[in-house]
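Encoded as structure tokens, the structure appears first; notes follow it.
Just so you know, all these numbers are worked out from the coordinates, no wet-lab data involved. The shown structure was predicted, so the numbers you read here are calculated from the model rather than taken from an experiment. No Cβ is skipped: glycine too gets one built from the backbone with ideal geometry, and neighbour counts run over all protein chains shown.
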Amino acid sequence: MAEKDYAVGLFDGSCRIYNAGHELLHNELLHKDKITDLTFMYVAQKCYLATTSSDQTLHLYEYGTDKALHIGYIGKYKQSLSTIAQNSLNEKMLATGAADGSIILWALDPPASEPDKKHKKRKVEISELEVRKEITGVHTQEVTAAQFVGANQLLTGSLDHSVKLVDINKGVSTASLSTSHAGVCSLDSTQSLVFVGLTDATIRQYDLRESALKRTYSEGLAGWAKSVAINPLNRHVLVSGSYDGKVTLWDVRGDRKPLQRICVQKDKVMATGWNGPKKIVSGGSEGQIYVHSLMFDYSESVSYTHLRAHETPEHLVCRLLLEKKKKKKK
């Protein structure tokens with residue numbers, strides 16, 4: 001699995017895109033307030049960058065082979081938007097979570113026209129994104145995490161101390177996981193297992209089939225588990241980033257102790273992500289982006305080298321996401 005370009009969302013509303021060699025490819029102010037989430041997505045074989053923000057908008061830009069942004073879309077809502085997810089089985093559907101607990105489904109219909117590739121820095125044209133459905137009543141507080149786990153099923157986490165499995169057609173919750181007195185900061189899932197980062201400085205593993213708590217990981221953590229991500233090639237390896245400045249590797253089959261403390265940053269870790277199976281990108285409130293190169297022995301321990309790739313001294317890193325490669329249909 002090759003390394004890919006990655007995007008960094010900042011608290012000033014700007015977005016930066018870097019290549020696998022950590023060279024800055026693009027830097028643009030996209031929002032009037034902080035970027036809360038972002039993701040690369042594919043629609044009709046084209047790559048798009050989608051971003052949500054506290055300015056109550058969803059932005060979508062085509063990310064062309066010339067590594068520039070073209071043809072912008074904007075969706076507006078009445079509340080701050082906190083998280084975003086694409087439906088891999090219906091690539092024209094996006095879901096966002098909002099500060100009021102709502103879940104908003106958006107329909108994307110890209111125009112047939114091609115961008116003018118002769119002008120990489122031309123003014124981006126804006127089209128309106130269509131709201132397909134607004135789902136209310138599932139959560140009572142901000143929806144902080146979302147992930148599609150089926151064509152019509154959306155997994156959501158909220159500061160209301162719950163994770164819900166939502167039937168997007170019916171607009172109702174079909175399963176619920178209580179996180180006791182802790183709010184949900186982040187989540188990731190594989191098969192029936194759900195890993196949830198919480199405000200009580202723990203990471204919990206749930207079995208969605210049984211609606212049951214399986215394990216709790218907390219050793220060495222002293223701040224919100226702001227980000228969790230499963231290794232793209234090994235579902236037993238998890239990375240977390242927390243408000244105590246720690247980036248930590250976990251073997252989710254193990255004895256609940258961390259595999260390795262990758263690094264301790266000076267301030268809150270706001271985002272972590274895998275760039276291939278052996279590299280982790282992290283960033284946070286200290287305004288720097290780190291790339292961690294790993295050498296795995298899945299049966300035993302993990303060794304690592306640490307590299308500070310580049311700095312963003314004027315801004316704070318809010319979220320980052322790695323470009324996902326489109327799977328070819330057989």
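Which of the peptides 46-59, 9-22 is most tightly packed, and how do the rest follow, judged by the mean count of other Cβ atoms within 10 Å per residue?
Per-residue Cβ counts within 10 Å, averaged per peptide and sorted highest first, yield 46-59, 9-22.
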>> Can you give me the long-range amide H partners of residue 25? Hydrogens built in the peptide plane at 1.01 Å from N, cutoff under 5 Å, separation of 5 or more residues or another chain.
In response: 17, 18, 19
>> Please list, in order, the residues from segment 39-72 whose amide nitrogen is less than 12 Å from a point placed 7 Å along the Cα→Cβ vector of residue 91.
In response: 41-48
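Might you report the magnitude of the Cβ-based charge dipole of segment 178-224 about its Cα centre, with Lys and Arg at +1 and Asp and Glu at -1, to the nearest 20 debye? Don't skip to the end; give the middle numbers.
On the way: 4 positive and 5 negative charges, 16 e Å.
Dipole size: approximately 80 debye.
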>> Treating only the Cβ of Lys, Arg, Asp and Glu as charged (+1, +1, -1, -1), what charge dipole size does segment 1-92 show about its Cα centre? Round to the nearest 20 debye.
In response: 280
> Residue separation times 0.36 nm, minus the C-alpha to C-alpha distance between residue 76 and residue 180: what's the value?
Replying inline: 34.2 nm
> Which one of 280, 264, 250 is farthest out on the positive end of the charge dipole of segment 235-297, using unit charges on Cβ (Lys, Arg +1; Asp, Glu -1) and the Cα centre as origin?
Replying inline: 250
> At what distance in angstrom do the alpha carbon centres of segment 216-275 and segment 1-47 lie from each other?
Replying inline: 22
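Given the peptides 99-107, 34-42, arrange them by the average over their residues of other C-beta atoms within 10 Å, most packed first. It would help to have the intermediate numbers written out before the result.
Details: 99-107: 19.9, 34-42: 22.3.
Descending packing order for the listed peptides: 34-42, 99-107.
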>> Greater than 26 Å separation of Cα atoms is the criterion. Which listed pairs, 133/214; 78/279; 34/67; 4/226; 4/76; 92/170, meet it?
In response: 133/214; 78/279; 4/76
